[in-house]
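Undergrad: Before we start, here is the structure in question, set down as structure tokens.
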Amino acid sequence: MYNANPFQQPGQWYRGNTHSHSTESDGQLPMSERFGAYREAGYDFLVLTDHRKVNDVSAYSTSDFLAISGSEVHPSNPYGGATYHFVAINIHETLNCAKMHPNAVLDEIKAQGGEAVLCHPYWSGHTITDYLPLRGYFAIEVYNDTCMGIGKGFSEQAWDDLLDRGGPVLGIASDDAHGTEHDCFHGWIMVKAEDLTIESIMEALRTGAFYATLGPEIEDMALEDNEVTVKCSPAQSIVFKAECSRGRRILPEEGELLTEATYSIPNGAKYVRVEVTDATGKKAWSNPFFF
Ligand SMILES: [Zn+2]
Ligand SMILES: [Zn+2]
């Protein structure tokens, strides 16, 4: 299922944010202004994910911008940790999950044609204990911008724990926009899709045809002769991560930057993913190649 290589398949790149709020829940902008701000900032799509409700967003799509409906839902957690935050992308009916098991909520999201993201693990204090019993989500937020308000926006370890001990899962960077500046336009995904329709974007998400970024561009990734090669915008480091102690950080010569690196896949590795860090410290994350 997660077998796409977006860098070597046809289509267009579309920039999108999968997590945002309006005055319909605890966001500071009405829906029209939230969508307008992202459209004007050069985004191709935005998913509106107000807490515990689904809004009709059909009025906000234009010929070159896609408004996607969704919700952030909060099933209780029978496994000891805090209440879950799942972003449901492309659902159309409000999901009242107060008394539902989290896996029933994940089933319902899929039944509506949607896909679920596990949100901001670090901010939630969630660990593998909270996530291993769950089934049917497709991605985890490796970065959530509004959570940087308490310095807990990065959830790389939670992603790797799930990759190592759970199963394949994809990585998303999102804004979780509530305000108008501090948590807007900082974390997004670049999606390779046939066209800017809900069907094509959902297909690209489901197959992993995207990468997550705070700014750096991943330009190409190839899997050949048991090696992963990546090309990217100028970087101060390129890191290849596989399970547990496997991986490698590639650094440039003193005073220079990297735009390419290659890594030999360790014997028996389950996956390899790539992190690119630019000269200002901003990161991009590829989805893993799964073996
Ligand atoms: Zn949340
Ligand atoms: Zn949120």
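Undergrad: Which percent, to the nearest 5, of DSSP beta bridges fully inside segment 81-235 are antiparallel?
TA: Bridges in segment 81-235 are about 70 percent antiparallel.
Undergrad: Using unit Cβ charges (K, R positive; D, E negative) and no other charged atoms, how large, in debye to the nearest 20, is the dipole of segment 1-141 about its Cα centre?
TA: Rounded to the nearest 20 debye, it is 240 debye.
Undergrad: I want the local charge near N3. Using Cβ-Cβ distances under 15 Å, sum +1 for each Lys or Arg and -1 for each Asp or Glu among the other residues.
TA: +3
Undergrad: Which of Q236, S264, W285 sits closest to the plus end of the dipole of segment 218-290, meaning its Cα is farthest towards the positive end, when Lys and Arg get +1 and Asp and Glu get -1 on the C-beta?
TA: Final value for the positive-end residue is W285.
Undergrad: Based on DSSP, what percent of beta bridges with both residues in the chain are antiparallel, to the nearest 5?
TA: 75
Undergrad: By how many degrees, 0 to 90 and rounded to 10, does the Cα axis of helix 31-40 deviate from the longest principal axis of the chain?
TA: 30
Undergrad: Dipole magnitude of the chain about its Cα centre, charges +1 at Lys/Arg Cβ and -1 at Asp/Glu Cβ only, in debye to the nearest 20?
TA: It comes to approximately 780 debye.
Undergrad: Okay, moving on. Given R₀ = 35 Å, FRET efficiency for E224-Q112 by Cβ-Cβ distance, to 0.05?
TA: 0.35
Undergrad: Between T127 and Q8, what length comes free when the chain is fully extended (0.36 nm per residue of separation minus the Cα-Cα distance, one decimal in nm)?
TA: 39.4 nm
Undergrad: Between A41, T83, A67, whose Cα lies farthest towards the positive end of the dipole of segment 22-84 when Lys and Arg beta carbons carry +1 and Asp and Glu beta carbons carry -1, centred on the Cα centre?
TA: The Cα lying farthest towards the positive end belongs to T83.
Undergrad: Please report the relative contact order for segment 6-213, taking Cα pairs under 8 Å with a sequence separation of at least 6, and give it as a percent rounded to a whole number.
TA: With pairs under 8 Å counted, the relative contact order is 22 percent.
Undergrad: Quick check: net charge around E156, other residues with Cβ under 11 Å of its Cβ, Lys/Arg +1 and Asp/Glu -1?
TA: With Lys, Arg at +1 and Asp, Glu at -1, the neighbours total -1.
Undergrad: Ok, one more. Between the helical axis of 156-165 and the dominant principal axis of the chain, each derived from Cα atoms, what acute angle in degrees is found, rounded to the nearest 10?
TA: 80
Undergrad: Ok, one more. Answer rounded, prolate or oblate for segment 49-159, using the Cα gyration tensor with square roots of eigenvalues a ≥ b ≥ c: rounded when a/c is under 1.5, else prolate when a/b is larger than b/c, else oblate.
TA: It is oblate, given that a/c is not under 1.5 and a/b is not larger than b/c.
Undergrad: Next question. Once phi is turned into ³J(HN,Hα) by the Karplus curve 6.51 cos²θ - 1.76 cosθ + 1.60 with θ = phi - 60°, what whole-Hz value does each residue of segment 178-195 show in order, with x for glycine and proline?
TA: The phi angles translate into 10, x, 10, 9, 4, 10, 10, 6, 10, x, 8, 10, 9, 10, 9, 9, 5, 7 Hz.
Undergrad: Given an 8 Å cut-off on Cα distances and at least 6 residues of separation, report the relative contact order of segment 218-290 as a percent.
TA: 32
Undergrad: Would you list S245, S61, S286, S32 from fewest to most Cβ contacts within 10 Å?
TA: S245, S32, S61, S286
Undergrad: Please arrange I172, I150, I109 by counting, for each residue, the other beta carbons lying within 10 Å of its beta carbon, fewest first.
TA: Neighbour counts put them in this order, fewest first: I150, I109, I172.
Undergrad: Still on this structure, I have one more. Step through the residues of segment 138-144 one at a time and calculate ³J(HN,Hα) from phi using the Karplus curve (6.51 cos²θ - 1.76 cosθ + 1.60, θ = phi - 60°), rounding each to whole Hz and writing x for Gly and Pro.
TA: 10, 8, 10, 7, 6, 9, 9
Undergrad: May I ask for the distance between the Cα centers of segment 1-69 and segment 84-106, given as a whole number of Å?
TA: 19
Undergrad: Over segment 1-124, what is the relative contact order in percent, taking alpha-carbon pairs closer than 8 angstrom and at least six residues apart?
TA: Contact order relative to length: 18 percent.
Undergrad: Would you tally the net charge around F210, using a Cβ to Cβ cut-off of less than 14 Å, leaving F210 out, and scoring K and R as +1, D and E as -1?
TA: -2
Undergrad: So what's the back-of-envelope 222 nm ellipticity for the chain, counting only DSSP H runs of four-plus at -39500 (n - 2.57) apiece and dividing by all residues, rounded to 500?
TA: -4500 deg cm²/dmol
Undergrad: Tell me, in nm to one decimal, what length is gained between E256 and M100 on full extension, where the rule is 0.36 nm per residue of separation less the Cα-Cα distance?
TA: Length difference between fully extended and current span is 50.8 nm.
Undergrad: Run the dipole for segment 137-277 about the Cα centre, Lys and Arg Cβ at +1, Asp and Glu Cβ at -1, nothing else charged, and hand back the magnitude in debye, nearest 20.
TA: The calculation lands at about 540 debye.
Undergrad: Ok, one more. Once the convex hull of the C-alpha atoms of the chain is built, how many Å³ does it hold per residue, rounded to a whole number?
TA: 124
Undergrad: Can you list the residues, at least 5 places off or on another chain, whose amide H is less than 5 Å from the amide H of S61, using H built in the peptide plane?
TA: Amide H neighbours of S61: A67.
Undergrad: Tell me, V73, V272 in order of fewest to most beta-carbon neighbours within 10 Å?
TA: So the residues, fewest neighbours to most, are V272, V73.
Undergrad: Pairs to check: K192/K283; K53/K282; K110/K192; K192/K241; K192/K231; K53/K152. Give those whose C-alpha atoms are more than 27 Å from each other in this structure.
TA: Those over the limit are K53/K282.
Undergrad: Taking θ = phi - 60°, what integer Hz values does the Karplus form 6.51 cos²θ - 1.76 cosθ + 1.60 yield along segment 42-48, in sequence order, with x for Gly and Pro?
TA: So the Karplus estimates, Gly and Pro as x, are x, 6, 9, 8, 9, 9, 8 Hz.
Undergrad: For a label point 7 Å from the Cα of T83 along Cα→C-beta, name the residues of segment 89-127 whose backbone N is under 13 Å from it.
TA: 96-100
Every number here is computed from the coordinates shown, using simple stated rules; none is lab data. Source: prediction; values computed, not measured. Here the Cβ is made from the backbone with ideal geometry for all residues, glycine too, and neighbour counts use every protein chain on show.
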